[in-house]
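One structure below.
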Amino acid sequence: MTIISRTEDLEILLTVIDSGSFSAAARILDIQVAKVSRAVSRLEKNLDCTLLNRTTRKLERTEEGRIFTEQVRNGLHQLAEAEEKIRTLKGIPAGQLRVDAATPFILHQLVPLVPGFCERYPKIELELVANENIIDLIERKTDLAIRIGTLQDSNLHARFLGRSPLHIVASPSYLAQQGTPETPEALEQHKIIGFADAPHLNRWPLTRHVALSTTLSSSSGETIRQLCLAGQGLALLSEFMICEDLANGQLVKVLDNHITSPSNRELVHAVYYRNTTLSSRITAFLDYIHPLMRL
């Protein structure tokens, strides 16, 4: 049997379908839109049929496209599994591993562990991708993601990594100038640093309800941490990103006895899709970082 379709073209086609457009696929694969278009056209010419119906508003698979891409996805998955089994037989995890996490988690938890991991597994090509929001692992071609809080996607396998308590913190300089709040109600008289695009994170888990208004806000937890260090106000942050700041006195906890235990916001998991085999690369990464993380 002669195979006329190139693997690269097939992967481009699947990315187009997963992302919903040629331009989105080009951004994800970091190639030109023209290359995406040529790949799809080449497949359609070789197969002598139309795989995708394109309009100005949407892109849909034809019946031939649906049948073909379902088989292709299974075939590429089986090929990846076969290659992984060979690597496993050799006993040395190898290949690319793309890991997604929020910027603060990458900076404060993963980056310090990278040198040791790379030394132990020199054949794994580790790629750390920072996203402040939850991504689609398939669309972004991501092997593993670190998620903080409640897991909502039932299609994901999850490995529990630990808990990261929440703390209300401020810099010593801010507290020296503005005073230390002794009750939840006292927070209303202070500058509050919050999240710009996640209102639920601005509802602080206090023993008594207090309506807080943010004075400063950012979409980045790391930026909020930096603003807090700069004495710009109080913030509610996870311990995984401020443990060193607390240890060296750059940040101080306040009202710790007035914080309830919001377990759904403290959970830390590593997640991956159920329809993928847990590769030796993922296993090696999780087994290495899990006991060393400060959770």
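Find the accessible area per residue for the chain; the probe is 1.4 Å, ligands and nucleic acids are left out, and the unit is Å². Walk me through the intermediate numbers first.
On the way: 16040 Å² over 295 residues.
Per-residue value: 54 Å².
Plugging the Kirkwood radius over Cα pairs into Stokes-Einstein for the range 1-83, at a temperature of 37 °C and a viscosity of 0.692 mPa s, what D comes out in µm²/s?
Stokes-Einstein gives a translational diffusion coefficient of 251 µm²/s.
Based on the alpha carbon coordinates of the range 153-193, what radius of gyration and maximum Cα-Cα distance (Dmax) apply, in Å?
Values for the range 153-193 (Cα only, Rg and Dmax): 17.3, 50 Å.
Show me, for the range 249-259, the HN-Hα J-couplings you get by feeding each phi into the Karplus relation (A = 6.51, B = -1.76, C = 1.60, θ = phi - 60°), rounded to Hz, glycine and proline as x.
x, 6, 10, 10, 7, 10, 6, 4, 6, 10, 9
At what distance in nm do the modelled label points of L156 and N248 sit from each other, each positioned 7 Å from its Cα along Cα→Cβ?
3.2
Mind listing the long-range amide H neighbours of A145? Cut-off is under 5 Å, sequence gap 5 or more, other chains count too, H placed in the peptide plane at 1.01 Å from N.
Hits under the 5 Å cutoff: D100, V271.
Given the C-alpha atoms of the range 164-284, compute the convex hull and give its volume per residue in Å³. Show your work: numbers first, answer last.
Details: hull volume 15.8 nm³, N = 121.
Spelled out: Cα convex hull of the range 164-284, divided by residues, is 131 Å³.
Between the range 134-191 and the range 96-119, what's the alpha-carbon centroid distance in Å?
Cα centroid to Cα centroid, the span is 18 Å.
Under 1.5 on a/c is rounded, so check that first for the range 48-160, then, if it is not, pick prolate when a/b is larger than b/c and oblate when it is not; a ≥ b ≥ c are the square roots of the alpha carbon gyration tensor eigenvalues. Provide the component values of the computation, followed by the final result.
Numbers: a/c = 2.54, a/b = 1.47, b/c = 1.72.
In terms of gyration-tensor shape, oblate.
Determine the share of the range 1-84's accessible area contributed by carbon and sulfur atoms, expressed in whole percent, with a 1.4 angstrom probe.
On the way: 2600 of 5390 Å².
It is 48 percent, rounded to a whole number.
Carbon-plus-sulfur fraction of the accessible area of the range 116-266, 1.4 Å probe, in percent? Please list the in-between numbers first.
Details: 3480 of 7820 Å².
Of the solvent-accessible surface of the range 116-266, carbon and sulfur hold 45 percent.
If you take the beta carbon distance between C118 and E8 as r and set R0 to 25 Å, what does 1/(1 + (r/R0)^6) give as a FRET efficiency, to the nearest 0.05?
0.35
By how many degrees, 0 to 90 and rounded to 10, does the Cα axis of helix 33-47 deviate from the longest principal axis of the chain?
Helix 33-47 sits at roughly 40 degrees to that axis.
Hey, could you pull the Cα Rg and Dmax for the chain, both in Å?
Final numbers for Rg and Dmax: 23.6, 78 Å.
The values are calculated or read from the model by the stated rules, or taken from the named source; none is laboratory data. Since we're looking at a predicted model, the values are computed, not measured. FYI the Cβ positions are ideal-geometry reconstructions off the backbone, even for glycines, and counts take in every protein chain you see. Surface areas here come from the heavy atoms of the whole protein model, side chains and all, with no ligands, DNA or RNA. Shrake-Rupley method; radii C 1.70, N 1.55, O 1.52, S 1.80 Å.
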